[in-house]
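The values are calculated or read from the model by the stated rules, or taken from the named source; none is laboratory data. These figures come from a predicted structure and were not determined experimentally. Cβ: placed from backbone, ideal geometry, glycine included. Neighbour counts: every protein chain shown.
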């Protein structure tokens, strides 16, 4: 059973899982597209020949044999255009990771309440369609869930009480939030669903 001290451990496991899914090679020239500070760099850097970190709005010129990127939709970002730009500097594998929406309520709404910059949370199928529309060919995929304690996630969030109340109401038989809350001991926990997609440029796949 998860313990109250698990958030850092869960985050570290998530990053290790992503790096393992990326299958880095010693001769890879890698680009990690960050949204702020990257937790991937310390684990990925030692396993590749060279690693560059960059913001999605200022991508360096390629080519890169391995690109890791998290899609974080914001009002001024076109996700299809972003993936197309990433594929344009990719000469190998593009690894995309993002939260996805599952059945049993709109978990994306809870994510947007916490982070208003997140304009949407896609289903896994919609994420696959996005990669295809951008000109990518999907090679591997993985979907999994992470269970997290609510309180660290809501730290310094202005409308945390509203989110907390909605999750608690679901436990009492109220509307489903999609976050699948439950009590562990006396702590409120919730579940996120994540997807990893490994793709490469469709034109390169046909060459």
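Contact annotation: residue pairs with Cβ atoms under 6 Å, 6 or more positions apart or on different chains, pairing a residue in the range 175-192 that is on the phi > 0 side of the Ramachandran plot with a partner that is modelled with pLDDT under 90, are 178/104; 178/105; 178/106; 178/107; 180/191. Would you be able to say whether some residue in the range 15-22 is outside any loop (DSSP other than H, G, I, E, B), within 30 Å of residue 185 (Cβ to Cβ), modelled with pLDDT under 90 and touching a helix residue (DSSP H, G or I) at 6+ places or on another chain (Cβ under 9 Å)? Scanning the range 15-22 turns up at least one residue that is outside any loop (DSSP other than H, G, I, E, B), within 30 Å of residue 185 (Cβ to Cβ), modelled with pLDDT under 90 and touching a helix residue (DSSP H, G or I) at 6+ places or on another chain (Cβ under 9 Å). Scanning the range 167-195 for residues that are farther than 14 Å from residue 110 by Cα and in contact with a helix residue (DSSP H, G or I) (Cβ under 8 Å, 6 or more places away or on another chain) yields 174, 182, 183, 187, 188, 194, 195.
Just to confirm my filter: which helices (runs of 4 or more DSSP H) fall fully inside the range 112-207 and include at least 3 residues that are surrounded by fewer than 15 Cβ atoms within 10 Å (Cβ to Cβ)? Passing ranges, in order: 124-133, 160-171, 202-206.
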